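The values are calculated or read from the model by the stated rules, or taken from the named source; none is laboratory data. Values in this document were obtained by computation on a predicted structure and should not be read as measured data. With ideal geometry, Cβ positions are generated from the backbone for all residues, glycine too; neighbour counts draw on all protein chains shown. Note: areas computed on protein heavy atoms with side chains; ligands, DNA, RNA excluded. Shrake-Rupley method; radii C 1.70, N 1.55, O 1.52, S 1.80 Å.
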Amino acid sequence: MSYGTSFSACRALFVRDFSLVWRRRGDALNPVLFAVMVVVLFPFALGPEPNALARISAGTVLVALLLAGLLSLDALFRSDFEDGSLEQLVLSPHPLPLLLACKIAVHWLTTALPLLLVAPLLGELLYLPRSELPVLLAALALSTPLLSLIGAVCVALTVGMRRSGMLLALLVLPLYVPVLIFAAGACNAAGQGLPVLAPLLWLGAGLALTLVLAPLACAAALRISLS
Amino acid sequence: MTEFLSMGGYGNYVWSSFAIFAIVLTLDAVAPLLKRRRVLRELRGRVRRAQKRSEETA
Amino acid sequence: MNPLVLWFHKLGSPPYFYRLAGRLLPWLWGLGLISLAVGLYGGLVLAPSDYQQSDAFRIIYVHVPSAWMSLFIYGFMALNGFIALIWRIKLSETLAMAAAPIGAAFTFICLATGSLWGKPMWGTWWTWDARLTSELVLLFLYFGVMGLYQAIEDRRQASRAAAFLALVGIVNLPIVHFSVNWWNTLHQGSTVRLFGPSLIDSRMLWPLLIMAIATKFLFAASLLSRARVDLLELEAGKDWARQVALADGDAA
Amino acid sequence: MNSPTPPETPPLLEARGLAYLRNDEPIFGPLSFRLDAGDVVLMEGDNGSGKTTLLKVLSGLLPPGAGEVLLNGEPLTLARLSHQVALLGHLLGVKGELSPLQNLRFAIGLGGLRPGITPYHALKSVGLEGYEDLPLRQLSAGQKKRVALARLLLVPAALWLLDEPYANLDREGITLVNRLLELHALRGGAALITSHGAYAYTSGTPRRIRLDAVDREFAA
């Protein structure tokens, strides 16, 4: 087993981060519970009437998942920054964007994926029409990595600060607007029987672009906030 | 004159728009002046502290 | 070194910039206020009232120049941020951070006057018109940059982080604009263009251009006066800053 | 540098006129020194004299304000790609939830493995035999430091930058650090240690470099 190659570094990072999440798997459920709680609030606020809820169901699930993802973003670099392993990462001879891409991937797998799995349940809570569910899942599959990538860049900018939760939301939410528009647009289009391919393709294009640019931007942002 | 002020019945909308424009830009122009006064006061404090310290050590 | 590079290099030294800005300021304020007066007179008095919106359309003379300025200043901020990050030029950092509050001010004016214009036309204070919505997102982008700048203690690191965020924001602006337009057509169909009174009459048009020039002068003046103060605060440890404070002490 | 001696290999680490400014106030003045294979150099200075900042500049974490850092004669960023530098800061960079073994496996995955040594062997030589699978949370500060020292043994870095290695170590720990430094120097490595007094490097008289705090209130 070779050591010191970029591949081994990524593998080591995956193994370490997964075992860390596994060691605290109770915490991994928090975003899911938060999302369920937020969705449950809407029937209390708007009344349980199916037609009213059905109309807003897809959008509400998207916003709930977006906010749950936002809350879990802070943990991306927080613990590594506090115990110094972020410095070891930046110091390692391997390309920093690649390592950060691994960290973001692990973050997406451990927070966004459970949210994706719980989305049908959330949809059911709000009488989500059958026709919209597959489109909602497709839109989520494309938009949640986008949200994690964009969020990672902003987290890298606020990593040095103690209580940056609210500021992080202020930085990230304007950047989330286009993603939410296209994801919700796809679901609404499905609801009205319109073609859904266009918004989903836009999300795919955005994801392809961000997959390449975000790790680079994240590495640059990290160097700024660590200097 | 009053006809001019009424702005075709939309007077309060038009004049409040221009009022907001004027107020916000004035605040934006005044803010640095206030900050300038504070910064200069702090700077003079630093100078006095430095002079006092250099007299003590001299 | 050719004179331009030499001048730009000299501009980099704070005391030189401080004095130069000091000399320019009265001119900028003067030109700004004069062109403002001319523009307002042209817009409020000379321009005929619109056949459709009668005199309500005159709000355009503050609304549209502010919209232009909000985008212009964000571009200015991102450009200076780029220069500051790539070539580590301290002056660009200061200029970028000084521009942020001014940009936010113009964006706020644009939103406020837009809703004041919407009320008589649409009967509601806020209309999810595509451009107003993009402007609202732009306002949050400004607040994000200013918030980040305030939140970090080390001034140099704060300005570099905020400049980087401005760069991320500038990439995002066209995407937001496109997606909001797409969203608007998806939900409301093509709405009547709220802010497009017929500007065929040149008497309506030239005041708008004068106002655009006026807002640029006012921006430059406010920017330089803010940049001077920030430089003074940043360079508090330096000799020239002490001289300025002492000189100002006697004058005040 | 056409020195009279035969063309010697470039120094392992060389700083030329190195300085760092924060908000335009000097953290440490222009500094020039060189570290050859087998050198152990002690960097002394009271608190706030910029020792930690200097180490961050030398390791490439921070760009220098002025001057340059050369590793094996090459500018820092290029050379570092060949696993040359290991930094041990105040924050040890180890995870509390994971065991020493898991931490070390991550470290060698990231930094590469020196031939002829395994994580078990490294943990034994720093006196952590039997603690291999205990989460680090349950170990003492001294033991956590030993895990970080074991990482130094495992990673093929020729240059060690240690920020106050003797901090929260008992007498035994200090002798351990000295032994590791001697071993590293004999193997042709070099080490730069910072400390503000609690110092006990016994073998040989290492070169000392003095870093005095600059009066920050008013720069010249």
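For the protein assembly as shown, what is the calculated [θ] at 222 nm in deg cm²/dmol (nearest 500), taking -39500 (n - 2.57) for each run of four or more DSSP H residues and dividing by its residue count? Mind dumping the intermediate values first?
Details: 27 runs with 503 residues, N = 757.
Result for the protein assembly as shown: -22500 deg cm²/dmol, rounded to the nearest 500.
Taking every residue in C:169-176, how many Cβ atoms of other protein chains lie within 10 Å of its Cβ, on average? Mind showing how you got there, number by number?
Working: counts 3, 0, 4, 6, 1, 1, 9, 5.
Taking all residues of C:169-176 together, the mean is 4.
Between B:THR57 and A:ARG78, the C-beta separation translates, for a Förster distance of 45 Å, into a calculated FRET efficiency of about 0.50. To the nearest 10, the accessible area of C:ILE175 is 70 Å² with a 1.4 Å probe. Under 16 Å between alpha carbons, and skipping anything fewer than 8 positions from D:LYS144 in its own chain: which lysines qualify? Reachable lysines: D:LYS95, D:LYS124.
Counting only protein chain heavy atoms and rolling a 1.4 Å probe, the accessible areas of A:VAL196, D:VAL69 rank, largest first, as A:VAL196, D:VAL69. Over all distinct Cα-Cα pairs of the stretch A:94-203, the Kirkwood formula returns a hydrodynamic radius of 15.3 Å.
Kirkwood hydrodynamic radius of the stretch D:83-154 from all distinct Cα pairs, in Å? Let's see the in-between values first.
Working: mean 1/r = 0.0834 Å⁻¹.
Evaluated over the stretch D:83-154, this radius sits at 12.0 Å.
All alpha carbon pair distances within the protein assembly as shown were sorted into 20 Å bins beginning at 0; the resulting P(r) in whole percents reads 14, 39, 34, 12, 1. Taking 13 Å as the straight-line reach from the Cα of D:LYS145, the aspartates and glutamates in range (excluding those fewer than 8 positions away in the same chain) are A:ASP83, D:ASP163, D:GLU164, D:ASP170, D:GLU172. Largest GNM mean-square fluctuation across C:SER70, C:SER225, C:SER202, computed for chain C with C-alpha springs under 10 Å, falls on C:SER202.
Of all the Cα-Cα pairs you can form in chain B, what percent are over 19 Å apart?
61
Under a 5 Å amide H cut-off, with hydrogens placed 1.01 Å from N, D:ALA37 pairs with D:LEU12 among residues at least 5 apart or on other chains. When chains A and D come together, the accessible area they lose, probed at 1.4 Å and totalled over both chains, is close to 2500 Å². Highest mobility in the GNM of chain A, judged by mean-square fluctuation with C-alpha springs under 10 Å and restricted to A:PRO97, A:PRO215, A:PRO178, is found for A:PRO178. The heavy atoms of D:THR9 offer some 110 square angstrom of accessible surface to a 1.4 angstrom probe. Bridging of B:LYS52 to lysines at a Cα separation below 19 Å is possible for C:LYS238, once same-chain residues fewer than 8 apart are set aside.
Centre-to-centre, using Cα atoms only, the stretch C:1-51 and the stretch C:82-134 are separated by 20 Å.
The distance from the alpha carbon centre of the stretch A:101-126 to that of the stretch A:9-83 is 7 Å, rounded to a whole number. Sparsely packed loop sites in the stretch C:23-118 (the trypsin sites (Lys or Arg not before Pro) outside DSSP H, G, I, E and B with at most 14 other Cβ atoms within 10 Å) comprise C:ARG88. Note that the stretch A:166-177 has calculated 3J(HN,Hα) couplings of 5, 4, 4, 4, 5, 6, 8, 4, x, 6, 7, 3 Hz, one per residue in order, obtained from phi through the Karplus relation 6.51 cos²θ - 1.76 cosθ + 1.60 (θ = phi - 60°); glycine and proline are x. Couplings 3J(HN,Hα) for the stretch C:10-15, derived from phi with the Karplus relation 6.51 cos²θ - 1.76 cosθ + 1.60 (θ = phi - 60°), are 5, 4, x, 7, x, x Hz, where x marks Gly and Pro.
Here is the P(r) of chain C: all C-alpha pair distances, binned every 10 Å from 0, give 7, 26, 30, 22, 11, 4, 0 in whole percents. Report the calculated FRET efficiency for C:TRP122 and D:THR175 (r = Cβ-Cβ distance, R0 = 60 Å), to the nearest 0.05. That gives a FRET efficiency of 0.15. Centroid-to-centroid, using Cα positions, the stretch A:168-222 and the stretch B:1-30 are 40 Å apart.
Could you state how much accessible area is buried at the C-B interface, both sides summed, with a 1.4 Å probe, in Å² to the nearest 100? Show your work: numbers first, answer last.
Numbers: alone 13620 and 5540 Å², together 16030 Å².
Buried area (both sides, nearest 100 Å²): 3100 Å².
In this structure, C:ARG203 and C:LEU20 have a Cβ-Cβ separation that, at R0 = 41 Å, corresponds to a calculated FRET efficiency of about 0.60.
Under Stokes-Einstein, with the Kirkwood radius over Cα pairs as Rh, the value for the stretch A:6-226 at 37 °C and 0.692 mPa s is 182 µm²/s. Heavy-atom accessible surface of A:LEU62, to the nearest 10 Å², is about 10 Å², with a 1.4 Å probe and all protein chains retained. Along the stretch A:32-38 the Karplus relation, 6.51 cos²θ - 1.76 cosθ + 1.60 evaluated at θ = phi - 60°, assigns HN-Hα couplings of 5, 4, 4, 4, 4, 4, 4 Hz to successive residues, with x for each Gly and Pro.
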